[in-house]
Each structure stands twice: as C-alpha cells, then as structure tokens.
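Computed from the coordinates by the stated procedures, all read-outs in this text should not be read as laboratory data. All values reported here derive from a predicted model rather than from experimental measurement. Note that each Cβ is placed from the backbone with ideal geometry, even for glycine, and that neighbours are counted across all protein chains shown.
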Amino acid sequence: MNRILTFAKASLEEALEQVAFAPLTMLDEPFDWLDGDLIWSEIQLCAPLSGTLVLGAPRTTVQPLAADAWGGEEDGANPGEAFLSEMVNIVAGQILANLFPAREPWIGLPVYGEGPRTVAPHALSLCVDVDVGRVGLLLELEAAEPLHLVPFTNKIAEGVK
C-alpha cells in the first residue's frame, strides 16, 4: 500500500472509531461505486495536494453510523448527508495534515451525492468493513504521480541557498 493510502486508511479508521464508535477491517476487494443505493460526500483538496476525496456507502450502512455518531438523534432532514459530509471533512484534513505536517491544509466544502459515482482510472480506492456494512474511500489526485511527499521546509529562510 502506498504512503497516501496508508495515511488515508489511518485517517478513516481514526475518524470512524472516534465519531461513530465503529471499528473497521480493511478489505482487499474493491468498493462498489456503481451501487444504486450509494450515498456519498466529496471534498476538494486544494493544497498542498490537489484532487478530490470521496467517502461513500450504501444508505443502509450510513444510517446506523450516523445514529451512533449523533447519539441516536436525527441531525437535520438527512442524517446520512450530515454524517458523510462531516466525515469527509475530518478525513481530508487528517490526510493532508499527516502527509504535510509543516503545511496548512486547504480543503473545499463537502458536496453530497446519491447514486452511482464515476471513478477516474487513476483513482486510489479503499474498501473497509464496519459492523453494519462497507464504506469506500476514493482519492482522485489531479496528477497521475503525486507530489514528492516530504515535509515542506523553506531552505532560504533556514539560510541554505
């Protein structure tokens, strides 16, 4: 597993365990992004990595996770939308902070969707199992080969020319 997917898995695992109290198991099989009952939320990664992060799951998986996260109470008209939007925001921030600890992460606002989700050919994808079903994480980077993943340092400011 490459470094980005390692951080993505760790971020997703931490977020699901802390927000929805849901331990997860990594699966080697692909997530079904063409499922008709799929609900998902995506967020733009603006800097220091550019691309899109998507979290998705069947509605029957998201609803119990949302109920656990909100203490059994409804959060607005669509608790699944609120839950996925909050989760994709948390996971995106954690991935960027872990990959680039010396740089401030910039992300957009979550966008919610329902139904099948197209997947770019170069996308990185994870499929995890939680006790109520499967959750997918999709990372579509704007470059086929991502940036060199080393912490940012300002060599001029450090006196190195």
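Relative protection proxy for 31-43, 119-131, from highest mean packing down: 31-43, 119-131 (other beta-carbon atoms within 10 angstrom). Against the compact-protein benchmark of 2.2 N^0.38 Å, the Cα-based radius of gyration of region 3-141 scales to 0.96. At q = 0.14, 0.30 Å⁻¹ the log10 of I(q)/I(0) for region 95-140 amounts to -0.54, -1.12, computed by Debye summation with a single uniform scatterer per C-alpha, solvent ignored.
Lys and Arg at +1, Asp and Glu at -1: add these up for the other residues within a Cβ distance under 14 Å of Cys127 and post the number. It would help to have the intermediate numbers written out before the result.
On the way: positive: Lys9, Arg117, Arg134; negative: Glu13, Asp28, Glu29, Asp32, Asp35, Asp129.
Cβ neighbours under 14 Å give a net charge of -3.
Gain on full extension, evaluated as 0.36 nm per residue between Glu14 and Asp129 minus their Cα-Cα distance, stands at 40.0 nm.
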